[in-house]
Amino acid sequence: MRPTLALICVLVGCDVEEAALNKGPAGGGPTSDSDPAPADGGADGAADGDPTGDGAAHDSAPPVDTGPPPPVDADGDGTTADLDCDDADPGVRPGAAELCDGRDEDCDGLIDDGVPNDGAGCLDPGPPALPTTVGVVHIGLRTGTGASDGSDDGVSICLGADRCTSLNIGDWDDREPGQLDVQAREGLGWARSALTGPELRISPGDDMWKVACVEVRLDGDPVYCRELGPLAMGDGTGEVLRWSDAAGWAGSSCQTCAPSPLTHGPVLGPVRHDGVIVWLRADATRAVRLRVATTRGGLATAAPVATRYPRAERDFTESIEIFGLQPETLYHYELEVEGERFGPWSFTTAPAPDAATRLRLAFGSCTRDAEQPIFGVIAAWEPDIFLFLGDNHYADSDDLDTHRQVSRGALELPLRGALQTSRSILSMWDDHDFVGNNTDGASPGKEDAQRAFAEYQPNGTFGDGVIDAVFSAHRYGQLEVFLVDGRSLRGLDGTMLGAAQEAWLLDALAASDATFKLVASGTQWTTEGGSESWGDFPSTAEAFREQLVLRGIEGVVFLSGDIHRSELRLLPPAEGGYPLPELTSSPLANTTTTCRSGSEVVGCYGESANFIVVDVDTAEADPSLAVQIIDDRGAAVVDWELRASALRLPAGLR
């Protein structure tokens with residue numbers, strides 16, 4: 001078998017077409033009698049694919065390599081598929097505006113980056129499903145406003161045949177004139193189908209009580225609300241011992257007994273350099289939407305950055321965490337509940353962790369008085385951060401409903417509530433807002449106190465899920481605030497904080513590169529404070545200070561409250577350490593105590609309600625804390641300057 005012309009050309013190189021034309025006798029090429037004739041007897045075989053007519057088999061010319069096909073732009077967005085991370089979506093391409101929707105519009109590999117987002121695509125998760133067996137029943141009763149409309153006697157409610165429960169809040173003075181009392185009942189095991197409508201009952205001989213409004217929520221579902229006039233209940237003339245709605249749930253005729261479905265808040269929690277926590281409470285499980293914009297006008301067209309449905313298990317409180325904000329930037333925000341908009345309010349984000357920091361922190365403790373005008377004075381000083389440092393209310397209770405009711409009452413104080421809408425709020429408790437005076441880790445009821453604290457305080461984190469305490473840490477530029485729980489574990493192992501929480505604190509302090517580290521506890525750090533201070537655990541206090549030196553921890557300043565006067569102290573260090581400043585602020589709204597002298601005391605004030613302001617400046621060559629005690633008129637009565645250079649260890653111990 002002879003090689004084909006095409007193969008010869010591949011081996012020796014030639015022009016296939018020219019060689020074919022010169023082939024055969026006319027071109028001098030050899031012929032053979034054994035060459036087969038065309039199958040159809042033709043002379044040139046053109047009809048059979050033999051262009052030379054010589055009857056030989058011929059391979060076609062090799063294909064020309066034209067390279068890869070040109071890129072396409074399937075979605076017509078101006079970016080070809082080789083550069084577009086989703087060529088089926090014209091809204092996705094490099095350089096596109098990022099939106100909060102769970103997608104990567106700008107093709108940088110990050111979802112919802114650089115825009116306000118909730119970490120979940122800003123999507124509406126929809127309301128929770130309602131179980132057939134009711135898990136949580138909420139009852140709200142508002143008493144008439146007349147001076148004699150209230151009553152301390154018992155009231156009960158039935159929601160169906162033999163489906164009755166008492167309505168008395170354990171350690172709370174309920175059913176006062178004009179007051180809305182809300183109680184939750186869990187674990188009743190009532191089938192939803194067996195509940196038909198409300199019936200209120202009081203006993204013969206009880207004091208007259210005028211009820212103005214009643215509302216019922218079943219696992220958050222707002223099944224009933226009705227204004228009653230008010231209605232006089234009792235056994236006197238014109239009074240009734242029982243009242244029921246003949247129409248059952250269908251008799252509902254209002255939205256809520258509260259002034260609005262947004263019953264409390266908003267409260268700003270930690271305001272970070274790149275995010276914020278917004279706390280709120282609704283009257284039921286309703287759609288709550290949060291909008292954020294850099295201008296007030298922008299809120300009108302801004303899409304919700306988060307949608308939540310506050311759950312009955314949390315007493316309808318919700319903490320919404322937002323990410324994707326820019327440092328040191330003014331933002332405006334508003335809330336929408338069931339289509340009704342509230343706000344706007346505003347806040348400014350913190351400096352970046354490595355940025356020079358100028359900000360103002362204020363703090364105080366002990367708020368018992370019914371009127372608390374000090375919060376108007378605090379607002380006038382315009383702090384960036386306000387820290388509630390213990391005895392933030394005086395529930396003194398092991399009852400969950402009481403803690404919730406007292407927490408709501410504190411937020412209803414106008415000046416106190418207004419401050420918390422635009423300042424970063426942090427909170428740590430002491431004994432009165434824990435379980436009761438001088439209580440510790442062994443006190444019954446601490447689980448309910450911890451539950452209510454996590455529901456009603458805006459810190460965002462409450463411990464680590466393992467250690468049984470509500471500690472946390474929060475960064476603001478070159479300032480870091482460590483909140484430590486001096487109640488939940490106190491005394492259980494012979495220490496103030498418990499060994500596990502103390503280990504967390506030391507590890508967190510050692511890991512922090514903040515210039516100033518404020519360590520805040522409801523009770524004093526000094527061992528000269530007597531009972532209810534670290535003076536109860538002197539060996540633990542000494543060991544803690546030694547660890548600060550051994551771990552090379554610098555920049556520590558202690559904050560505390562509790563003692564009903566404000567003190568500035570300089571605590572002795574462990575060997576090789578630096579003197580440790582302690583700032584104690586008390587009271588915000590309570591009685592005062594007389595100042596006492598002592599070797600540690602640098603300054604003191606106990607003449608009136610007061611708070612402490614700390615101006616942080618890390619832009620200076622030697623960063624500073626300017627400390628002032630502010631009285632109830634807004635005047636600075638004591639001042640003290642702290643420098644970072646005085647809070648450093650000798651070079652060999654760093």
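The values are calculated or read from the model by the stated rules, or taken from the named source; none is laboratory data. Not measured: the values here are computed from a predicted model. Positions of Cβ are generated from backbone atoms using ideal geometry, with glycine treated the same way; all protein chains shown enter the neighbour counts. Note: areas computed on protein heavy atoms with side chains; ligands, DNA, RNA excluded. Shrake-Rupley method; radii C 1.70, N 1.55, O 1.52, S 1.80 Å.
The table below gives the values:
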read-out	value
Given (1) among the basic types (Lys, Arg); (2) within 21 Å of ARG404 (Cα to Cα); (3) surrounded by 21 or more Cβ atoms within 10 Å (Cβ to Cβ), index of the condition ARG185 fails	(3)
When residues of segment 191-231 are limited to those that are aliphatic (A, V, I, L, M) and outside any strand (DSSP E or B), the one surrounded by the fewest Cβ atoms within 10 Å (Cβ to Cβ)	ALA194
Residue ID - modelled with the lowest pLDDT, chosen from residues in segment 344-362 that are of a type in the set (Ser, Thr, Tyr) and open to solvent by less than 20 Å² (accessible area, probe 1.4 Å)	THR357
Failed criterion for THR237 (all others in (1) in a strand (DSSP E or B); (2) more than 26 Å from PHE316 (Cα to Cα); (3) not hydrophobic (A, V, I, L, M, F, W, C) hold)	(1)
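A quick yes/no check of all residues on (1) open to solvent by less than 60 Å² (accessible area, probe 1.4 Å); (2) under 23 Å from ALA395 (Cα atoms); (3) at pLDDT below 95; (4) hydroxyl-bearing (Ser, Thr, Tyr):
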residue	(1), (2), (3), (4)
THR133	no, no, no, yes
VAL137	yes, yes, no, no
GLY140	yes, yes, no, no
GLY144	yes, no, no, no
ALA147	no, no, no, no
SER151	yes, yes, yes, yes
ASP162	no, no, yes, no
ASN168	no, yes, yes, no
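For (1) outside any loop (DSSP other than H, G, I, E, B); (2) of a type in the set (A, V, I, L, M), each residue gets a yes or a no:
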site: VAL267; (1), (2): yes, yes
site: LEU280; (1), (2): yes, yes
site: VAL292; (1), (2): yes, yes
site: HIS332; (1), (2): yes, no
site: PHE342; (1), (2): yes, no
site: ALA352; (1), (2): no, yes
site: ALA356; (1), (2): no, yes
site: ARG360; (1), (2): yes, no
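One line per residue, one yes/no per condition, for (1) touching a Lys or Arg at 6+ places or on another chain (Cβ under 6 Å); (2) part of a loop (DSSP other than H, G, I, E, B); (3) open to solvent by 30 Å² or more (accessible area, probe 1.4 Å); (4) of a type in the set (Val, Ile, Thr):
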site	(1), (2), (3), (4)
TRP525	no, yes, no, no
SER539	no, no, yes, no
LEU570	no, no, yes, no
TYR578	no, yes, no, no
GLY603	no, no, no, no
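Here is a yes/no grid of residues against (1) surrounded by fewer than 21 Cβ atoms within 10 Å (Cβ to Cβ); (2) in contact with a His (Cβ under 9 Å, 6 or more places away or on another chain); (3) in contact (Cβ under 8 Å) with a residue 40 or more places away in the chain; (4) under 19 Å from GLN179 (Cβ atoms):
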residue: GLU321; (1), (2), (3), (4): yes, no, yes, no
residue: PHE342; (1), (2), (3), (4): yes, no, yes, no
residue: GLY364; (1), (2), (3), (4): no, no, yes, no
residue: GLU371; (1), (2), (3), (4): yes, no, yes, yes
residue: ILE378; (1), (2), (3), (4): no, no, yes, no
residue: THR421; (1), (2), (3), (4): yes, no, yes, no
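This table checks each residue for (1) among the aromatic types (Phe, Trp, Tyr); (2) within 19 Å of ARG175 (Cβ to Cβ); (3) surrounded by 16 or more Cβ atoms within 10 Å (Cβ to Cβ).
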{"position": "MET233", "(1), (2), (3)": "no, yes, yes"}
{"position": "THR237", "(1), (2), (3)": "no, no, no"}
{"position": "SER260", "(1), (2), (3)": "no, no, no"}
{"position": "PRO270", "(1), (2), (3)": "no, no, yes"}
